[in-house]
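To start, I am sharing the structure in question, which I have written as structure tokens.
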């Protein structure tokens, strides 16, 4: 699926929680969460706005539920009732402007619901940790990946299990702040991890790791 195509499945714009859930969560959020987080887009550890999109664009509501249940309250994850975690995620979704529906949010109904902008997935936001695979080349003073794949959101840096054989793309991605000598790998297939600079890496990738995964490319 190309980044701009609308997905076939359900998204957060289809109404995947109820207003009653979000209302129920307000008191418990104020009691258990507000010391560390805010539902606004600014302030300490905001749960809406740019920080929300950096963390969850192109993920699923199921991923969000799992993270909240596993890690919150801070240092005491899993200590609240399951239904309360569902309600808290409903409140987070409401705070980000996603519409309510008629069915309450639950892990079994939200597992594949995609978190994307209203007009489609678009590009991953700046500062997202990603992996890109492509062919190493020089462009002026910069190293670049040609035939590069679209950025893939990752949890940890390093080579992915399919990087040596996965289909390549049609992008050229600039590698920024490379600390490794790469001259010997020119023309090879490389797997690069790092933070996007600009949406979709429009200004490049702030490189964390770069690894050769095949001697020929594409």
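Since every read-out is calculated from the coordinates, none of them should be taken as a lab result. Just so it is clear, the structure is predicted and the values come from calculations on it, not from any experiment. Cβ: placed from backbone, ideal geometry, glycine included. Neighbour counts: every protein chain shown.
At 7 Å along Cα-to-Cβ for each site, give me the label-to-label distance between residue 23 and residue 104 in nm.
Those two pseudo-labels are separated by 1.4 nm.
Between the alpha-carbon centers of region 164-218 and region 32-87, tell me the distance in whole angstrom.
Between the Cα centres of region 164-218 and region 32-87 lies a distance of 32 Å.
How much length is gained if the chain between residue 170 and residue 203 is pulled fully straight, taking 0.36 nm per residue apart and subtracting their Cα-Cα distance, in nm to one decimal?
10.2 nm is the gain from fully extending residue 170 to residue 203.
Starting from the exponent 0.38 and prefactor 2.2 Å, build the expected Rg for region 129-214 from its residue count and divide its actual Cα Rg by it. All intermediate terms of the calculation are to be shown ahead of the outcome.
Details: Rg = 11.1 Å, N = 86, 2.2 N^0.38 = 12.0 Å.
Ratio of Cα Rg to 2.2 N^0.38 Å: 0.93.
With runs of 4+ DSSP H residues as the only contributors, calculate the mean residue ellipticity of the chain at 222 nm using -39,500 (n - 2.57) per run, divided by the residue total and rounded to the nearest 500.
Numbers: 5 runs with 50 residues, N = 218.
Value at 222 nm, helices only, nearest 500: -6500 deg cm²/dmol.
Next question. I'd like the projected area of region 12-110, averaged over all directions, using the convex hull of its alpha carbons. Report it in nm² with one decimal.
5.6
Rounded to the nearest 5, what is the percent of antiparallel bridges among the DSSP beta bridges in the chain?
Of those bridges, close to 85 percent are antiparallel.
What are the extents of the Cα atoms of region 32-90 along their three principal axes, in Å, largest first?
Principal extents (Cα only, largest first): 28, 27, 18 Å.
Need the full-extension length gain, residue 162 to residue 186, defined as separation in residues times 0.36 nm minus the C-alpha distance. One decimal, nm.
6.6 nm
Dividing the alpha-carbon Rg of the chain by 2.2 N^0.38 Å yields what?
Taking N as the residue count of the chain, the ratio is 1.16.
Can I ask one more? Within a 10 angstrom radius of the beta carbon, how do 189, 166 rank from fewest other beta carbons to most?
On the way: 189 24, 166 15.
Ascending number of Cβ neighbours within 10 Å: 166, 189.
What is the P(r) of region 51-176, as percent of Cα-Cα pairs per 5 Å bin from 0?
With 5 Å bins starting at 0, P(r) equals 2, 9, 15, 18, 17, 12, 10, 8, 6, 3, 1, 0.
Another question, then. In nanometres, what is the gap between the two model label sites at residue 215 and residue 142, each 7 Å from Cα along Cα-to-Cβ?
3.0
Post the alpha-carbon centroid distance, region 147-162 to region 119-139, in whole angstrom.
9
Using the number of other C-beta atoms within 10 angstrom as an exposure proxy, rank 67, 98 with the fewest first.
67, 98
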